[in-house]
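Trainee: Quick one: the structure is below, and I'll ask about it shortly.
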Amino acid sequence: MISLSQIVSYTICPRLCYFRIKFGEKNFTESHAVREIYLSLRRGFDLEWARKRAMTINENFDLDVFNSAASKFVFSDLLHDFKPIDWDVTIKSDRLDVVAVIDEIVEFRKKTYPVLVSLKAPKEGVWFRDLMKIAVLSVISDYKSGLIYYAYSGELRKVDSNISLRRKALKLIERVKMIKNGFVPERRECRYCNFCSFVNECKMKPSTFASKFL
Ligand code: SF4
């Protein structure tokens, strides 16, 4: 199965997706930290518990990264209007061979929504990667809308899926499957290269011919 996080990696850099499929995630990032903080605070625990959770789950836990995320995290009062139904929920599609972990499922005005936690909000709407997360959820589950919680500003933004987004989600899924089947994408120099934990492997690794289609 391919995972939602691998699909999201593709939207940052197809090669990053290749390395994460092959080696997994090397570093403990602020994204990992905010997820644990969100899950802990929503269940009535404190930051100390979030830190213990993060240390227990992530073998590459980094206290500086956790503290940096914790100093920016905003727990919005807005969240009290959304009734928690479940946390850390795994959804699988055997038909498409995709698995996703939803941070929280909430109820609002008698409808249920998946919530995914992200870091800093764009000026308007949501980042492309967050849009694609909800689009992928919409093709592997019955959820046609989802919420992104931007943890560094405490904003909750809604995404409604539609046929065009579902097409884009399927295209992404197909490309990640091609990578899983052995294609190595070309290097895509981008801002993320400055933080990428695979920068050394990336310089050494040639592309496959078919990678120009990815
Ligand atoms: S170093 Fe840059 S091009 Fe290579 S995998 Fe990382 S982000 Fe992609």
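The values are calculated or read from the model by the stated rules, or taken from the named source; none is laboratory data. These numbers come from a predicted model, not from an experiment. As a convention, Cβ positions derive from the backbone with ideal geometry for all residues, glycine included, and neighbour counts pool all protein chains shown. What goes into the accessible areas is simple: the full protein's heavy atoms, side chains included, and nothing from ligands, DNA or RNA. Shrake-Rupley method; radii C 1.70, N 1.55, O 1.52, S 1.80 Å.
Trainee: Here's a check for you: in segment 37-71, which residue that is β-branched (Val, Ile, Thr) and surrounded by 13 or more Cβ atoms within 10 Å (Cβ to Cβ) is nearest to the chain's Cα centre (by Cα)?
Mentor: Of everything passing the filter in segment 37-71, Ile37 is nearest to the chain's Cα centre (by Cα).
Trainee: Looking at segment 144-163, which of its residues are touching a Ser or Thr at 6+ places or on another chain (Cβ under 8 Å) and open to solvent by less than 50 Å² (accessible area, probe 1.4 Å)?
Mentor: Ser145, Gly146, Ile148, Tyr149, Tyr150, Ala151, Gly154, Leu156, Val159, Ser161, listed by residue number.
Trainee: Condition first: open to solvent by less than 20 Å² (accessible area, probe 1.4 Å), within 12 Å of the ligand (Cβ to nearest atom) and either within 14 Å of the chain's Cα centre (by Cα) or basic (Lys, Arg) (or both). Now tell me which residues in segment 17-36 satisfy that.
Mentor: Cys17
Trainee: Of everything in segment 1-16, what is more than 16 Å from the ligand (Cβ to nearest atom), of a type in the set (A, V, I, L, M, F, W, C) and open to solvent by 20 Å² or more (accessible area, probe 1.4 Å)? Give them in sequence order.
Mentor: Hit for segment 1-16 is Met1, nothing else.
Trainee: Looking at (1) open to solvent by less than 40 Å² (accessible area, probe 1.4 Å); (2) in contact (Cβ under 8 Å) with a residue 40 or more places away in the chain, which one does Arg175 not meet, given that it meets all the others?
Mentor: (1)
Trainee: I would also like to ask the following. Those residues that are in contact with a Leu (Cβ under 8 Å, 6 or more places away or on another chain), closer than 25 Å to Leu170 by Cβ and outside any strand (DSSP E or B), I need them from segment 126-156; list them, please.
Mentor: Matches in segment 126-156: Asp130, Leu131, Met132, Lys133, Ile134, Ala135, Val136, Leu137, Ser138, Val139, Ile140, Tyr143.
Trainee: State which residue is modelled with the lowest pLDDT when the search covers only segment 170-214 and only residues that are part of a loop (DSSP other than H, G, I, E, B) and among the basic types (Lys, Arg).
Mentor: If we filter segment 170-214 for residues that are part of a loop (DSSP other than H, G, I, E, B), which is where we start, we get 181-190, 195-198, 205-208, 214.
With among the basic types (Lys, Arg) added as a condition, the list becomes 187-188, 205.
On the way: Arg187: 84, Arg188: 83, Lys205: 72.
If we take residues in segment 170-214 being part of a loop (DSSP other than H, G, I, E, B) and among the basic types (Lys, Arg), then Lys205 is modelled with the lowest pLDDT.
Trainee: Separate question: Kindly list, by first and then second residue, each pair from a residue in segment 117-136 that is farther than 9 Å from Ile148 by Cα to a residue that is open to solvent by 30 Å² or more (accessible area, probe 1.4 Å) and hydrophobic (A, V, I, L, M, F, W, C), limited to pairs with Cβ atoms under 7 Å and residues at least 6 apart or on different chains.
Mentor: Within 7 Å, the pairs are Arg129/Ile12.
Trainee: Here are some residues: Asp86, Asp64, Asp103. Which one is assigned to a helix (DSSP H, G or I) and farther than 30 Å from Pro206 by Cβ?
Mentor: So the residue among Asp86, Asp64, Asp103 that is assigned to a helix (DSSP H, G or I) and farther than 30 Å from Pro206 by Cβ is Asp64.
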